[in-house]
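To start, the structure under review is shown below, and the notes come after it.
The values are calculated or read from the model by the stated rules, or taken from the named source; none is laboratory data. The structure presented is a predicted model; accordingly, all values stated were derived computationally and were not measured. Methodologically, a virtual Cβ is constructed for each residue, glycine included, from the backbone with ideal geometry; neighbour enumeration extends over all protein chains shown.
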Amino acid sequence: MNIGIAITDQNDWTTRALIQSIRDRGASPVPFRLSEITSYAFDLPETGGMDAAIVRDVGAGAFEEVSFKFDLLRILAEEVPIINTPESIQNAANKYYSLYLLKKSGLPVPETVVTCDVDVAMDMLDRCGEIVIKPIFGYKGIGIRRFRSDPDLFDSNRNFIEEILSKRGVLYLQEFIPMKRDMRVFVVGNRAAGSIYRYARNGWITNLSQSGRPERCVPDPEQEEIAIQASNAIGTAFAGVDIAETGDGLAILEINGTPSGKGIFEACGVDVTRDIVDYVISMLSKRI
């Protein structure tokens, strides 16, 4: 059995763990980079003898480059199962659409507004007291800005928000949830394979790539169920579901469709890549 892994960095912890987990199951890993595939019009790209493929990372890039990579994944999915599917990765990557899917499924999400009107943004800031502005397509906590309502800061807040709007063309606004930590639940299939708290080390952003600190967490049944339902709503076979504990209960912050397993392994000793590989092998065995 040959299991492909779409990668961008061969030294990435999750990539190396996936390779080892595939070997431990008696299968052969086939790492490949979407950026190195050449496609001839109307011909399917070579699958390299893969029976299935796991998408570890698609990689950043210009709009056309990223679009082409997802096109390749969609075409490859016509030949072999792709986990996660390109559609579910796109659902997760788009913060606006993913929250729409979560809200549609009756799951708890923060108050969120998407607008091209600075006055709407300023009204929300005044109403909520504090808001965050995020890129709709963002990762690793990059490009997130926090704003606090204050009459003395009105002009500077408005100027900064106008600057963000001029660069992005749209504003993705969310109420700020005061917290020292959030929860990352790693879902595989219909179970929570591992979970951590993520503590902000400097400031308020908990992303591990922004110096956040992971700590072992045992979610309660409600937290597990919400994480599993969130992954199902997005369509992912595996996902990192980020949940905040608020004064009113729980709120799903976002979903990662190409999550790293490093933080959970370091905090809990749980290698979620084994669960991912087991899921793929089980899926393939049912197709035989």
**Asked** Any residue at all in region 63-82 that is crowded, with 17+ Cβ neighbours inside 10 Å and part of a loop (DSSP other than H, G, I, E, B)?
**Response** yes
**Request:** For region 110-168, name all the residues that are free of Cβ contacts under 8 Å to residues at least 12 places away in the same chain and among the basic types (Lys, Arg).
**Result:** 127, 167
**Asked** Going through region 1-33 one residue at a time, which ones are among the polar types (S, T, N, Q) and under 13 Å from residue 57 (Cα atoms)?
**Response** 8, 10, 11, 14, 15
**Fill in**
Just one listed residue, out of 76, 34, 18, is outside the structural domain of residue 236 (by TED's automatic domain parsing), modelled with pLDDT of 95 or more and not small (Gly, Ala, Ser), and it is 18
**Request:** With the condition kept exactly as written, say whether any residue in region 86-99 is of a type in the set (S, T, N, Q), part of a strand (DSSP E or B) and surrounded by fewer than 21 Cβ atoms within 10 Å (Cβ to Cβ).
**Result:** no
**Message:** List the strands (runs of 3 or more DSSP E) inside region 108-190, counting only whole elements, that have at least 1 residues being in contact with a Cys (Cβ under 9 Å, 6 or more places away or on another chain).
**Reply:** 171-175, 181-188
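Residue-by-condition table, conditions (1) small (Gly, Ala, Ser); (2) surrounded by fewer than 14 Cβ atoms within 10 Å (Cβ to Cβ); (3) at pLDDT below 95:
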| site | (1), (2), (3) |
| --- | --- |
| 120 | no, no, no |
| 131 | no, no, no |
| 134 | no, no, yes |
| 142 | no, yes, yes |
| 164 | no, no, no |
| 171 | no, no, no |
